[in-house]
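Asker: The structure under discussion is supplied below as structure tokens; questions concerning it will follow.
The values are calculated or read from the model by the stated rules, or taken from the named source; none is laboratory data. Not measured: the values here are computed from a predicted model. Every residue, glycine among them, receives a Cβ derived from its backbone with ideal geometry; neighbour counts consider all protein chains shown.
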Protein chains: 2
Amino acid sequence: MTSLAPEPTDRRMTSAERRDAILAAASVLFGQRGYFGATTDQVARAAGISQPYVVRMFGSKEALFLAVIGRAKTSLLAAFRGALADWRAAGAAGGDPCDALGPAYLELLRERGVHTSLMQAFMQGSEPAIGAAARDGFLEIWAFLRDEAGVDPETARSFLADGMLINVLAGLEMPRDMRPEAAELLEATLGDKARLLPGA
Amino acid sequence: MTSLAPEPTDRRMTSAERRDAILAAASVLFGQRGYFGATTDQVARAAGISQPYVVRMFGSKEALFLAVIGRAKTSLLAAFRGALADWRAAGAAGGDPCDALGPAYLELLRERGVHTSLMQAFMQGSEPAIGAAARDGFLEIWAFLRDEAGVDPETARSFLADGMLINVLAGLEMPRDMRPEAAELLEATLGDKARLLPGA
DNA sequence: GTCTATAATACGATAGAC
DNA sequence: GTCTATCGTATTATAGAC
């Protein structure tokens, strides 16, 4: 039976890719304006499709947002796991794994909307479904640092704090400010990697 | 002329206090749901007045939000300046001023909505008026640390990072999560002060 | 000063054609 | 799979009475 042959992979890839392109567009918009501020119509326009189709594809705006933060969490953990594996392969036994995770976190700024959409989710703790997913995602990062990377609580806490400051500078689009204080803050926090922030 | 006598202070105080009560209610709501998520009707109900009156009193929702973050910035800087003065009066010349500012920041969690409304503003950098005000406010804190408290850039950066992590745990309402990982994270970040977070 | 009533619009979601 | 048309509702803001 010819029907046993697999469907042309082109079709399925295109479908999954299109879905991911919508999620990428939604990540940027939710990252900029937050869950309530970004509209399904804005996502649709950015993705070049109709507003009802966005809702149809994900079921609801809330489900779309949950898919966005799930995708961001996956991107982040993949970047961390890759950096950790490389760091271990390079044979850095006694050192601090965060020395490898930090640069990976900054490189991820090139993928727009990952940090900011997660951060917007973190600020919705009082929304029942989103809040639960956000707490869950944050604790998954914590568990990765403690259990997979093997760092102690204070090192993990400090690493997360540095990450949250970077997220805030991304949310602020701080490079838009041209005053010397802004330059000093950006230099102290990110050095020349400040160019990766939104607004730069 | 009897009209030269000052107006009864009762009247004016009551008016200013009522305005501040509205701002306090708005701080909590904007902190929880963000600029777009909180509605003027929710603020009005929380303050026990009508929705059109909220808009009338502040001119627009955006002006109300800007008043909220202005008030939060004032509360924060007042707490910092008070703690810094006490610390200097106690004669701690060679130490780190952040040792006094940190506890003051945690005590301010009792005043609901200060940290979270500021954080929500920080995540709206792409909104023209709000973004500019948010960057301005953040840099005012930075300038306080550098110029008034006299701390070096790396100490200031690290202090701000710790603060941003606390803000995120407040936004997440992390104490709602009962798993041991959440307890470990909260203990590492706030110790017994975790009880001051929303959601606790 | 504060309210009620309401205008004007924006939004998420559904129905149904193709 | 994807669109157009549209419904029902929520939201900001204004008008105007008291």
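Asker: Can you pull out the residues in segment A:160-200 that are in contact with a Pro (Cβ under 8 Å, 6 or more places away or on another chain) and among the basic types (Lys, Arg)?
Answerer: Correct list: A:195 only.
The rows are residues; the columns are (1) among the hydrophobic types (A, V, I, L, M, F, W, C); (2) more than 8 Å from chain B (Cβ to nearest Cβ); (3) in a helix (DSSP H, G or I).
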site	(1), (2), (3)
A:162	no, no, yes
A:178	yes, yes, no
A:183	yes, yes, yes
A:188	yes, no, yes
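Asker: Suppose we filter B:172, B:145, B:139, B:197 for residues that are modelled with pLDDT of 95 or more and touching a Gly at 6+ places or on another chain (Cβ under 8 Å); which single one remains?
Answerer: Result of the check over B:172, B:145, B:139, B:197: B:172.
Here's the yes/no breakdown for (1) buried (at least 18 other Cβ atoms within 10 Å of the Cβ); (2) closer than 30 Å to residue B:117 by Cβ:
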| site | (1), (2) |
| --- | --- |
| A:34 | yes, yes |
| A:37 | yes, yes |
| A:47 | yes, no |
| A:55 | no, no |
| A:72 | yes, yes |
| A:86 | no, no |
| A:93 | no, no |
| A:99 | no, no |
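Asker: Moving on to the next point. So residue B:132 clears everything in (1) surrounded by fewer than 21 Cβ atoms within 10 Å (Cβ to Cβ); (2) more than 16 Å from DNA strand D (Cβ to nearest atom); (3) farther than 22 Å from residue A:199 by Cβ except one condition, right? Which one?
Answerer: Exception for residue B:132: condition (3).
Asker: Okay, next question. Would you pick out the residues in segment A:122-138 that are among the polar types (S, T, N, Q) and either in contact with a Leu (Cβ under 9 Å, 6 or more places away or on another chain) or more than 8 Å from chain B (Cβ to nearest Cβ) (or both)?
Answerer: A:124, the sole residue that qualifies.
Asker: Here's a follow-up. Within 15 Å of the chain's Cα centre (by Cα), under 13 Å from residue B:149 (Cβ atoms) and basic (Lys, Arg): is that true of residue B:81 in this structure?
Answerer: yes
Asker: Right, next: Which numbered condition trips up residue B:81, out of (1) farther than 27 Å from residue A:113 by Cα; (2) surrounded by 15 or more Cβ atoms within 10 Å (Cβ to Cβ); (3) touching a helix residue (DSSP H, G or I) at 6+ places or on another chain (Cβ under 7 Å)?
Answerer: (3)
Okay, residues lined up against (1) of a type in the set (Phe, Trp, Tyr); (2) touching a helix residue (DSSP H, G or I) at 6+ places or on another chain (Cβ under 7 Å); (3) within 16 Å of DNA strand D (Cβ to nearest atom); (4) over 20 Å from residue A:193 (Cα atoms):
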| residue | (1), (2), (3), (4) |
| --- | --- |
| A:14 | no, no, yes, yes |
| A:24 | no, no, yes, yes |
| A:35 | yes, yes, yes, yes |
| A:43 | no, yes, yes, yes |
| A:58 | yes, yes, yes, yes |
| A:97 | no, yes, no, no |
| A:101 | no, yes, no, no |
| A:112 | no, yes, no, no |
| A:115 | no, yes, no, no |
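Asker: Can you name the number of the only condition in (1) buried (at least 19 other Cβ atoms within 10 Å of the Cβ); (2) more than 15 Å from the chain's Cα centre (by Cα); (3) more than 9 Å from every other protein chain (Cβ to nearest Cβ) that residue A:141 fails?
Answerer: Unmet for residue A:141, out of (1) buried (at least 19 other Cβ atoms within 10 Å of the Cβ); (2) more than 15 Å from the chain's Cα centre (by Cα); (3) more than 9 Å from every other protein chain (Cβ to nearest Cβ): (2).
Asker: Which one of these does residue A:131 not meet: (1) free of Cβ contacts under 8 Å to residues at least 60 places away in the same chain; (2) over 29 Å from residue A:44 (Cα atoms); (3) assigned to a helix (DSSP H, G or I)?
Answerer: Going through the list (1) free of Cβ contacts under 8 Å to residues at least 60 places away in the same chain; (2) over 29 Å from residue A:44 (Cα atoms); (3) assigned to a helix (DSSP H, G or I), residue A:131 breaks only (2).
Asker: Next question. Looking for something of a type in the set (D, E, K, R), away from DNA strand C (no atom under 11 Å from the Cβ) and surrounded by 15 or more Cβ atoms within 10 Å (Cβ to Cβ) - is there at least one such residue anywhere in segment B:17-32?
Answerer: no
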